[in-house]
Amino acid sequence: MVFRSYMDIALIEARAARDRGEVPVGAVLVDPQGRVVARDGNRTRERSDPTAHAEVLVIRAACAAAGSERLPGHDLYVTLEPCAFCAGVIAAARIARLYYGASDPKSGGVAHGARVFSHPQAHHVPEVYDGIGAAEAQELLERFFRERR
């Protein structure tokens, strides 16, 4: 089986989030057959909802479509290292593999900060692959915040 990254779609969603005035983070959820089942970007400002992170939105949409709170075998692509909150949702949904682009030393919850999946109480730990599309994701974020300062 040949690996196919879906980070290009996550980056499209991140740019769309930026264009809406949101922090440019995008996510894509792919089922075990390689079909995109959900894609979105941050919508916290648009929805006045601090939980409307890209990862949470795609997991909610996929769970609703599947009629289940769990998504075994699914892959999640996100442009930025998930925060601790999102990492907890990823674990609860039983996502099989997490692919993320840019690291987030300030607010990340996977390789930085809380390191949710390394915690002894983590009830599910996905395979984690970082650095995919990192340069473009990092540039989007840096430009977004630079333009607001």
*What are the principal axis extents of the Cα atoms in the stretch 95-149, in Å, biggest first?*
40, 20, 13
*Tell me the label-point distance for the pair ALA135, ALA16, using the 7 Å Cα-to-Cβ offset, in nm and rounded to one decimal.*
2.6 nm
_Net charge of neighbours whose Cβ lies under 14 Å from the Cβ of ALA92, counting Lys and Arg as +1 and Asp and Glu as -1_ = +1
*Would you mind calculating the relative contact order of the chain from Cα pairs under 8 angstrom and at least 6 residues apart, reporting the percent as a whole number?*
20 percent
*If you take the beta carbon distance between ARG47 and ARG146 as r and set R0 to 30 Å, what does 1/(1 + (r/R0)^6) give as a FRET efficiency, to the nearest 0.05?*
0.75
*Please give the calculated 222 nm ellipticity per residue for the chain, where each DSSP H segment of at least 4 residues contributes -39500 (n - 2.57) and the sum is spread over every residue; nearest 500 deg cm²/dmol?*
-11000 deg cm²/dmol
*asked:* Using a 7 Å offset from the Cα along the Cα-to-Cβ direction at both ALA96 and ALA114, what is the distance between the two label points in nm, to one decimal?
replied: 2.6 nm
*How big is the equivalent ellipsoid of the chain along its three axes, where each semi-axis is √(5λ) from the Cα gyration tensor, reported in whole Å from largest to smallest?*
22, 17, 15
*Take peptides 107-114, 77-84 and line them up by average Cβ neighbours within 10 Å, highest first, as a rough protection proxy.*
77-84, 107-114
*Mind pulling the angle between the C-alpha long axis of helix 54-66 and the longest principal axis of the chain? Nearest 10 degrees, somewhere in 0 to 90.*
40 degrees
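Each reported figure results from applying straightforward, stated rules to the coordinates on display, with no laboratory input. All values derive from a computational prediction rather than experimental measurement. We place every Cβ from the backbone using ideal geometry, glycine too, and count neighbours over all the protein chains shown.
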